[in-house]
């Protein structure tokens, strides 16, 4: 058998360096695996959140559609008539105008909020 030209010490140093490189590569791969697992878990949580939100939004949309269909059926089967709805709208508009202080139906004199203002005299 042919004997190596390396001394035992050199051989041990090479093996130790290879072991260090192997350990560093293994540690790096383990860190990558841990990071990827954490990302996977976060993606699963995000997916579940999006799915739950979509289900909730779909349920709300279904409820709205059902309510609108019921309103349409009621209106078409003799619910409130169009003139009655218009009267109700005028009443509600008047109540709103009264609530926000829009009672007068003419242009109001601004002297109330502009103390120096004088009404122009018509000649």
Residue hits (the stretch 1-10; surrounded by 10 or more Cβ atoms within 10 Å (Cβ to Cβ) and modelled with pLDDT of 90 or more) are 10
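Can you pull out every residue in the stretch 52-90 that is assigned to a helix (DSSP H, G or I), modelled with pLDDT under 80 and surrounded by 10 or more Cβ atoms within 10 Å (Cβ to Cβ)? Spell out how you get there, then give the answer.
In the first step, residues of the stretch 52-90 are kept if they are assigned to a helix (DSSP H, G or I); the result is 52-76, 82-90.
Among the residues that remain, those that are also modelled with pLDDT under 80 are: 71-76, 82-88.
Correct list: 71, 72, 73, 74, 75, 84, 85, 86, 87, 88.
The values are calculated or read from the model by the stated rules, or taken from the named source; none is laboratory data. Because the structure is a prediction, the values reported are computed rather than measured. Virtual Cβ from ideal backbone geometry, glycine too; neighbours counted across all protein chains shown.
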